[in-house]
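This report refers to the structure that appears directly beneath it.
The values are calculated or read from the model by the stated rules, or taken from the named source; none is laboratory data. Predicted, not measured: the structure shown is a model, and the values here were computed from it. Glycine also receives a Cβ, built like all others from the backbone with ideal geometry; neighbour counts cover every protein chain displayed.
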Amino acid sequence: MAKDKTSPRKHDVYMLVVEVGRKDGDGLPDGATGAGLVCYASGVDEAEAVRETVAVLKQADLNPLDVTGYGTRAEREAQGETIEEEDAALMQRAFDENAVIVVQMTPFFGDEDRG
């Protein structure tokens, strides 16, 4: 049986939204209770992308509390979402560099900011 060229586990890029809490040295603005981060993360599956993202954020002195996955570009487009050119370029960079890229950080200043 011929070896399938896709046998090595191919990675993809996943969109993740991460909620972080406060931690000394986290760099969040004074008065913030935490933040929401939009990340593009490379992984062979979403679970690996989440693990890598959490590890990178912890190295950056952030305190990840919750991660929500929104799927790959193909999955998002299949659901009717339009991917802007800038986001597509960032996703490609995450793929090319096998990296986690923080696209946006929104500080929370109280419970009314969440949900």
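I'd like to verify a number: residues in region 61-83 that are surrounded by 12 or more Cβ atoms within 10 Å (Cβ to Cβ) and free of Cβ contacts under 8 Å to residues at least 12 places away in the same chain, how many?
4
So, in region 24-42, exactly how many residues are surrounded by 17 or more Cβ atoms within 10 Å (Cβ to Cβ) and at positive phi?
The qualifying residues number 1.
Considering only region 26-58, state which residues are part of a strand (DSSP E or B) and either in contact (Cβ under 8 Å) with a residue 40 or more places away in the chain or polar (S, T, N, Q) (or both). Before you say what the answer is, go through the steps one by one.
The initial filter retains those residues of region 26-58 that are part of a strand (DSSP E or B), namely 34-43.
Result: Gly34, Ala35, Gly36, Leu37, Val38, Cys39, Tyr40, Ala41, Ser42.
Of the numbered conditions (1) assigned to a helix (DSSP H, G or I); (2) farther than 15 Å from Val38 by Cβ; (3) of a type in the set (D, E, K, R), Asp61 satisfies every one except a single condition; which is it?
Every listed condition holds for Asp61 apart from (1).
Scan Ala47, Ala74, Ala60 and give me the residue that is over 28 Å from Pro29 (Cβ atoms) and at pLDDT below 95.
Working: Ala47 fails: at pLDDT below 95; Ala60 fails: over 28 Å from Pro29 (Cβ atoms).
Among Ala47, Ala74, Ala60, only Ala74 is over 28 Å from Pro29 (Cβ atoms) and at pLDDT below 95.
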